[in-house]
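Derivation of every value follows stated rules applied to the coordinates shown; laboratory data play no part. Small disclaimer: the values here were computed from a predicted structure and weren't measured. Note: ideal-geometry Cβ built from the backbone for every residue, glycine included; neighbour counts use all protein chains shown.
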Amino acid sequence: MPINRRIVIANLPQGGEISSSTFRMEDGEVPQPEPGTVLCRTTAIFVGSALRRVMGSYLQPGMLVMATGVARVVASRDASFSEGDTVLAPTGWQEYALLKPSQISAKLPSADNALDYLGPLGGSGLAAYHGLVTVGRVQASEVVVVSAAAGSVGQLAGQFARIKGARVIGVCGGADKVDVLTAKLGFHHGINYKEGNIQEELKAGCPEGIDLYFDNTSGPILEAALLQMKRGGRIVCCGRLSEPHDYDSEHVPAGPRGVPGLLIQRRISMLGLWAPDLAAEDEKARNEIRAWLESGELTRLVDITHGLENAPASLIGNLAGGNVGTRIVMLE
Ligand SMILES: NC(=O)c1ccc[n+]([C@@H]2O[C@H](COP(=O)([O-])OP(=O)(O)OC[C@H]3O[C@@H](n4cnc5c(N)ncnc54)[C@H](OP(=O)(O)O)[C@@H]3O)[C@@H](O)[C@H]2O)c1
């Protein structure tokens, strides 16, 4: 009798610090499909730092850790799915997921390149595309800066900007990551924010100023970018990785300096991105990203770990900057 290994929240992280004691592995029975349901075997899950944000809100002790996964249909009691289909679905951190067809995001054309749907054709790719193209309106010859540039969203945003003809500068936390961005992904310049003075490095890296800043971090990197923005520049706020995991109206982080003064003086616009709001544009985005993958202009950068039992360590490592690219845990 096969068992369904699954990882649930054991304890909410104290002070936002996720550790191995946050999680607990459980063995359960593999569910049997009822009429109108589909039983899926998870083959891979996406592990992103956004999980930290939902601890204590959507995720409570005892709940299955949520995740988007790629899965294979092993039994179907719905006419629209057959055994052997590959699907993209909110499988969570478990080996088997019993899903209603309405919960399944997409039936994938084949198992080949299915992992693309956890990266460039998935949530990271859509956030990067909508931030950079749909609302950021990147233009050829512009100067684009991306923070958390070796992360899942950042490396894609930077590559999309390069393909669109912009000059791209990536900010990330390590000399090895800078090498990957410039040597492998075609970024024009990389800055290691953990060494030196980020303000001076940005001045030297883009002396003519920044047209478009894709912000994944907030904090000191946003503040430094603001000071280097051109007149009429745009800032797309995608993430706030440097800020405390949670805050309320009494505990709002300070800064950045220069708001609103610099915005007014230099006619800078700053926009908060929530990619799901732009879902009507997803198909257009996916078509363009797919074409870049097929032409070889876009490089896949995945950071793969094997084994469901290693998912907690994979997430903890990600939050500490251990990932280079899109972090995926393979279950098969
Ligand atoms: N708005 C939207 O619609 C939307 C959609 C998807 C994702 N997001 C957000 O986009 C952001 C990026 O997501 P992701 O999946 O690309 O993340 P990720 O792959 O998990 O990358 C996280 C990286 O951020 C960097 N980082 C961590 N703490 C930092 C700090 N204090 N200062 C600077 N860099 C730090 C680390 O790399 P270093 O080595 O460079 O430090 C780490 O590897 C997240 O905030 C996520 O929640 C937003």
I'd like the distance between the alpha-carbon centres of the stretch 151-172 and the stretch 28-55, rounded to an integer number of Å. 31
Which of the aspartates and glutamates could a cross-linker span from Lys100 if the Cα-Cα distance has to be under 16 Å and same-chain partners fewer than 8 positions apart are dropped? Glu34, Asp78, Glu83, Asp85
Under-5 Å amide H pairs with His306, H placed in peptide plane, nonlocal only: Met330
Straight distance only, please: which lysines reach the Cα of Lys230 with their own Cα at less than 26 Å, same-chain residues fewer than 8 apart left out? Lys164, Lys194, Lys203
Using Cα springs under 10 Å in a Gaussian network model of the chain, which residue among Val138, Val73, Val54 shows the largest mean-square fluctuation? Val54
Under 5 Å from the placed amide H of Phe23, counting only residues 5+ away or on other chains, we find Ala10, Asn11
Cβ-defined net charge surrounding Ile191, 15 Å radius [Lys, Arg +1; Asp, Glu -1]: -3
Output ³J(HN,Hα) for the stretch 226-243: one whole-Hz value per residue in order, computed from phi by the Karplus curve 6.51 cos²θ - 1.76 cosθ + 1.60 with θ = phi - 60°, and x for Gly and Pro. 4, 5, 9, 5, 6, 4, x, x, 10, 10, 9, 8, 9, x, 9, 4, 8, 8
Would you mind telling me the antiparallel percentage of the DSSP bridges in the stretch 1-123, rounded to 5? 95
The helix 282-295 Cα axis meets the longest alpha-carbon principal axis of the chain at an angle in degrees, between 0 and 90 and rounded to 10, of 80
Highest-fluctuation residue, Val259, Val135, Val171 considered, GNM on the chain with Cα pairs under 10 Å: Val259
Considering only the chain, what is the antiparallel percent among its DSSP beta bridges, to the nearest 5? 55
Binned at 20 Å from 0, what are the whole-percent values of the Cα-Cα distance distribution for the chain, short to long? 31, 56, 14, 0
Normalised by the residues of the stretch 114-193, what does the relative contact order come to in percent, with Cα pairs under 8 Å and at least six apart? 25
Go ahead and set up a Gaussian network model of the chain, Cα springs under 10 Å, then flag whichever of Asp211, Asp277, Asp179 fluctuates most. Asp277
Net dipole in debye of the chain [+1 Lys, Arg Cβ; -1 Asp, Glu Cβ; about Cα centre; nearest 20]: 760
In sequence order, what are the phi-derived ³J(HN,Hα) couplings for the stretch 263-280 according to the Karplus relation 6.51 cos²θ - 1.76 cosθ + 1.60 with θ = phi - 60°, rounded to whole Hz, with x for glycine and proline? 4, 6, 4, 9, 6, 8, 10, 10, 10, x, 9, 9, 3, x, 5, 9, 4, 4
For the stretch 170-263, what does the alpha-carbon gyration tensor say about shape, rounded, prolate or oblate, given a ≥ b ≥ c as the root eigenvalues, a/c under 1.5 as rounded, and a/b over b/c as prolate? oblate
Restricting to Cα pairs under 8 Å and 6 or more apart, the percent relative contact order of the chain works out to 17
What number, rounded to the nearest 500 deg cm²/dmol, is the helix-based mean residue ellipticity at 222 nm of the chain, given -39500 (n - 2.57) per DSSP H run of at least four residues and division by all its residues? -6000 deg cm²/dmol
Relative contact order computed over the stretch 219-332 (Cα-Cα under 8 Å; 6+ residues apart), in percent: 23
